[in-house]
1. Could you say which residue among R274, R235, R266 is at pLDDT below 95 and surrounded by fewer than 18 Cβ atoms within 10 Å (Cβ to Cβ)?
2. Of all strands (runs of 3 or more DSSP E) completely enclosed by the range 20-100, which ones contain at least 1 residues that are more than 22 Å from the chain's Cα centre (by Cα) and assigned by TED's automatic domain parsing to the domain that holds D323?
3. Let me spell it out: the conditions are (1) surrounded by 22 or more Cβ atoms within 10 Å (Cβ to Cβ); (2) outside the structural domain of L97 (by TED's automatic domain parsing); (3) under 16 Å from A144 (Cβ atoms), and V301 meets all of them except one. Which number is the exception?
4. Which strands (runs of 3 or more DSSP E) does the range 105-183 wholly contain that include 3 or more residues that are in contact with a Pro (Cβ under 7 Å, 6 or more places away or on another chain)?
5. Within the set of pairs 6 or more residues apart or between chains, which connect a residue that is among the basic types (K, R) inside the range 18-41 to a residue that is surrounded by fewer than 24 Cβ atoms within 10 Å (Cβ to Cβ) and assigned to a strand (DSSP E or B) with Cβ atoms less than 8 Å apart?
6. Any residue that is in contact with a strand residue (DSSP E or B) (Cβ under 8 Å, 6 or more places away or on another chain) and part of a loop (DSSP other than H, G, I, E, B) - is there at least one of those in the range 205-216?
7. Starting from the range 312-334, take each residue that is closer than 27 Å to Q45 by Cβ and in the same structural domain as V106 (by TED's automatic domain parsing) and list its partners that are aromatic (F, W, Y) and assigned to a helix (DSSP H, G or I), counting only C-beta distances under 7 angstrom and pairs at least six apart or across chains.
8. When the range 306-333 is examined, which residues are found to be within 13 Å of N132 (Cβ to Cβ) and small (G, A, S)?
Amino acid sequence: MSGQANEAPSESGSLLLAIETSCDETSVAVVRGGREVLSNVVSSQIDTHRQFGGVVPEIASRKHVETMTIIIEEAVREAGVSLTDIDAVAVTQGPGLIGALLVGVVAAKSLALALDVPLIGTHHIAGHIYANSLVGDIIYPSIALVVSGGHTEIVLLEAEGKFRIIGRTRDDAVGEAYDKVARALKFPYPGGPHVDKLAQEATEEVVLPRSWLEPDSYDFSFSGLKSAVLAEINRSRMKGEAPDFSALARGFQQSVIDVVTGKAIRAAKEFGARQMMLCGGVAANRGLRERLAALCEEAGVPLLIPPNKLCTDNAAMIAAAADLKWRRGQFSSLDLKAEAVMSLEDWSV
């Protein structure tokens, strides 16, 4: 990431305006001091993309263009401030859909230039992790379990803003697996909440395989689990039977939860974590929240989870992460580029 280091600002209550457009939500937030959310406006495109069964990148980009100015104005108005009060503009630089990211980056650069304030390019996953700082104090060292539509990672934070990825998915992310299984179970997009609800209501379970990979690995693999669900559906139909979708949903969810929580708890113990954080859109999954909470209590590791509205993509989380750079005077230059693939570890402060 290109940038420049300046003397760290002294104001503790500085106002950051943040823009998030990594996928299909257009979001703008105004946050004071990295913790106080004055506004967090999110415009979702779910209804637009539902007819296609998933996010169409070109359509997502166009929708961001259509709504960007409106959302900025609404966020500033809701915060009760004026644009001239803004001390810096933060924006999701990556990772994400390149066209969608470009809309946010261009808007942020234009606004920073017009207001003559610093620009802070921000990592999307750092945002998901530091969404936790909006609801509680982060204690280091900490383990972050990141579960979203495009990411499944275990991140070790040895100190503030120092990211070390110790495990990641080798194929599908958790959210992708949920959406693919949801389609097989005839649920509309986005399918994750439907699968979670059906799994919670199920009285039977089709036991599915757990992909633990190598004994010492913190990596994940969910493509085989998705295939196992499809195989069970085909097996039932070949027998002339109706597949038990609720039992399949429960079996799928239990397999996912067992693996991600099991590895996260093992990582917390190995690295001496004083706290566990759950981050990303799939953190809204009720079954995952409940299991991780129980395991953390058993292991004596405090658990921090943001409310659902801060788990899904939003600009307040981008402001929270950008505050790490703001306090250190680590600003981006106006030749900042959107990055579809971007290293979290390299973004560390």
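The values are calculated or read from the model by the stated rules, or taken from the named source; none is laboratory data. Keep in mind that what you see is a predicted model, and the values were worked out from it rather than measured. Because the Cβ atoms are built from the backbone with ideal geometry, glycine has one as well, and the counts that use them run over all protein chains shown.
1. Only one candidate passes the filter, namely R235.
2. Of the strands (runs of 3 or more DSSP E) lying wholly inside the range 20-100, those with at least 1 residues that are more than 22 Å from the chain's Cα centre (by Cα) and assigned by TED's automatic domain parsing to the domain that holds D323 span 88-94.
3. With (1) surrounded by 22 or more Cβ atoms within 10 Å (Cβ to Cβ); (2) outside the structural domain of L97 (by TED's automatic domain parsing); (3) under 16 Å from A144 (Cβ atoms) applied to V301, the lone miss is (1).
4. 152-159
5. Going by the 8 Å Cβ cut-off, the qualifying pairs are R32/L15; R32/L38.
6. Yes, the range 205-216 has at least one match.
7. M317/Y130; A320/Y130; A321/Y130
8. Correct list: A316, A320, A321.
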